[in-house]
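Notes to accompany the following structure.
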Amino acid sequence: MTRVTRFAPSPTGLLHVGNLRTALHNWMLARKAGGRFLLRIDDTDAERSEDRFVEAIRRDLDWLDLTPDGEERQSKRLAFYEEAFERLKAAGRVYPAYESAQELDLKRKIALGRGLPPIYDRAALALTDEQRAAKEAQGVAPHWRFRLDHDEPIAWDDGIRGPQKFDAAQLSDPVVRRADGSWLYMLPSAFDDISMGVTDVLRGEDHVSNTAVQIQMFTALGAQPPRFAHEALLVGREGKLSKRLGSLGVESFREQGYQPEAIVALLARLGTALPVEPIADRTALLDTFDLATFGRAPARFDEADLARVNAQIVHQLPFEAVAGFVPEDFTPAAWHAIRPNLEKASEVIDWWQVVTGPVEPRAFDEETRAYLAEAAQALVWSDTPWQDLTAALKVGTGRKGRELFQPLRQALTGRDHGPDMAELLPLIGEERARERLEAAARG
Ligand code: GLU
């Protein structure tokens, strides 16, 4: 059977890094098995859902190259839900309830006051037809609850958490539909997972108790429940899902100049037993992807890790990856020379300016100026101008190591550190190099 996974965000805001991680893992789970990865827009909440967020979700997935193989939108499936709901109604698995929010609140308080768990008492299930008719005659529209089967044990083998067991009698029959006919999340999600042929539901561990209920929904609808796996939540360095993490998404990653490959490499392995490595090749990441490596402890997201992985990924990026934003005269050789020195790919522009100049002039002392004058004289253009220049100066001046190299680097680039001069000098070229050395010698 083809493996089918889905990522099911509600378009009520931008995706944050925790959502991106869930999306990525679902993508990987499907791709690894040669299956399908679907996007489902959970927009039954018409008031809070916005089109601009739907577009942002698509854009974000695209940027990370997690393009879905199909997309469904819950707001377009309402007729289908109605029909599935009628079936559950006919089977007695959903029932109307008339309590107001205040009544329910009171019931909860009474239960808690007696030291009992605040489980819904199913009073609505006990209503007679006449009592229901009376409520409706008073103009009270019902909301709807899903009737859990207390005799059916709820158990599943979670792909990450292992064997899970719930006692349905310890759960409230969940409200699945409001009095105005609008849907809560649980039931449409089960309807859709069935009709979309979802074989694997991989989501955050905040959904574990929803799974217990949804398993009964699948069964009530005559469907085999999918495999479930719940991943530990992502937390910030400080240990909580901080505000910062909640606002950290693709937009901010892009603004900060991180490579999508770096985000993918980090999120693919964060919270697993595998080391986070700068793996830009998706196939290589997929090869080691395995839910069995996922830990139960919260996964810690630290931007310093992202920065590190990003730099390591940049150092391997091919020229084609930057060809879109570098100047026209920028060459693959320039990329090769500059790449090892970058933390972010965008910094290549600064370094290209160092190559093409002008460079910031420096104030050197007299002795160094004399040395640089000698360097300007000694400069002979060949295939290996840096090696030739430094070899000649070493013999001619007796300088070595830092004394030999550092003034040359400073005069030629205006900086103290940077790419390998043997690669950089040919890019600077003879004319500019001579000018810079002479200018530095003049002081
Ligand atoms: N829309 C739900 C959420 O964002 C989907 C959960 C699920 O994956 O089923 O929490």
*Short version: ³J(HN,Hα) in whole Hz for each residue of region 96-105, in order, from phi by Karplus 6.51 cos²θ - 1.76 cosθ + 1.60 (θ = phi - 60°), x for Gly and Pro, what are they?*
x, 9, 10, 5, 7, 4, 5, 4, 5, 4
_HIS336 - accessible surface, heavy atoms, 1.4 Å probe, Å² rounded to 10_ = 90 Å²
_Step by step: find N for region 72-222, compute 2.2 N^0.38 Å, then divide the Cα radius of gyration by it. What's the final number?_
1.11
*Read phi for every residue in region 131-136 and hand back ³J(HN,Hα) as whole Hz from Karplus 6.51 cos²θ - 1.76 cosθ + 1.60, θ = phi - 60°, with x for Gly and Pro.*
4, 5, 4, 5, 4, 5
*How do ARG237, ARG132, ARG59, ARG436 stack up against each other in accessible area, from largest to smallest, with a 1.4 angstrom probe?*
ARG237, ARG59, ARG132, ARG436
_From the phi angles alone, apply the Karplus equation (6.51, -1.76, 1.60; θ = phi - 60°) to region 261-277 and give each ³J(HN,Hα) in whole Hz, x where the residue is Gly or Pro._
4, 5, 5, 5, 4, 6, 5, 4, 10, 4, x, 10, 7, 8, x, 6, 10
_Under-5 Å amide H pairs with PHE7, H placed in peptide plane, nonlocal only_ = LEU38, LEU39, ARG40
*With charges set only on the Cβ (+1 for Lys and Arg, -1 for Asp and Glu), what does the dipole of region 48-125 come to about its Cα centre, in debye to the nearest 20?*
620 debye
*asked:* With the cut-off at 1.5 for a/c, could you classify region 1-45 from its C-alpha gyration tensor as rounded, prolate or oblate?
replied: oblate
_Probe of 1.4 angstrom, ligands and nucleic acids ignored: what's the accessible area per residue over region 84-213, in square angstrom?_
50 Å²
*Simple Cβ-charge dipole of region 328-443, Lys/Arg +1 and Asp/Glu -1, about Cα centre, in debye nearest 20*: 320 debye
*Please find, in a Gaussian network model of the chain (springs between Cα atoms separated by less than 10 Å), the residue of ARG177, ARG362, ARG145 whose mean-square fluctuation is greatest.*
ARG362
_Need one number: the % of Cα-Cα pairs in the chain sitting beyond the 27 Å mark._
65 percent
*asked:* I'd like to know which of TYR258, THR288, HIS230 lies farthest towards the positive end of the charge dipole of region 215-293, counting +1 on Cβ of Lys and Arg and -1 on Cβ of Asp and Glu.
replied: HIS230
*Counted charge near ARG114, where neighbours are those whose Cβ lies closer than 14 Å (Asp, Glu -1; Lys, Arg +1)*: +2
*asked:* Keeping all protein chains in place and using 1.4 angstrom, which order do ASP157, ASP43 fall into by accessible surface area, from largest down?
replied: ASP157, ASP43
*asked:* Given a 1.4 Å probe and heavy atoms of the protein chains only, how would you sort LYS135, LYS394, LYS76, largest accessible area at the top?
replied: LYS76, LYS394, LYS135
*Quote the accessible area belonging to GLU366 in square angstrom, nearest 10, computed with a 1.4 Å probe and with ligands, DNA and RNA left uncounted.*
140 Å²
*asked:* Please give the charge dipole size of the chain, origin at the Cα centre, charges +1 on K and R Cβ atoms and -1 on D and E Cβ atoms. Round to the nearest 20 debye.
replied: 1100 debye
_Charge dipole of the chain about the Cα centre (unit charges at C-beta), most positive-ward option of ALA433, ALA8, TRP352_ = ALA8
*Relative to the present Cα-Cα distance, how much length would full extension add between THR219 and ARG87 at 0.36 nm per residue of separation?*
46.2 nm
_Report the gain in length on full extension from GLU367 to GLU238: 0.36 nm times residue separation, minus Cα-Cα distance, nm rounded to one decimal._
41.2 nm
_Separation of alpha-carbon centers, region 165-188 and region 401-421, rounded to whole Å_ = 68 Å
*Taking amide hydrogens as modeled 1.01 Å from N in the peptide plane, which residues meet the under 5 Å criterion relative to ARG145, leaving out close sequence neighbours?*
TYR95, ALA97, VAL176
*Any idea which of LEU78, GLN138, ALA124 is furthest toward the positive side of the dipole for region 66-146, if Lys and Arg beta-carbons carry +1 and Asp and Glu beta-carbons -1?*
ALA124
*Accessible area (Å², 1.4 Å probe, nearest 10) - HIS150*: 70 Å²
*Mind listing the long-range amide H neighbours of GLU231? Cut-off is under 5 Å, sequence gap 5 or more, other chains count too, H placed in the peptide plane at 1.01 Å from N.*
ARG203, GLY204, GLU205
*Cβ crowding within 10 Å averaged over residues, with 342-354, 159-171 ranked highest first*: 342-354, 159-171
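The values are calculated or read from the model by the stated rules, or taken from the named source; none is laboratory data. In this text the structure is predicted, and so the values were computed from the model without any measurement. Backbone-built Cβ (ideal geometry, glycine too); neighbour counts: all protein chains shown. Note: accessible area is taken over every heavy atom of the protein model, side chains too, but ligands, DNA and RNA are not part of it. Shrake-Rupley method; radii C 1.70, N 1.55, O 1.52, S 1.80 Å.
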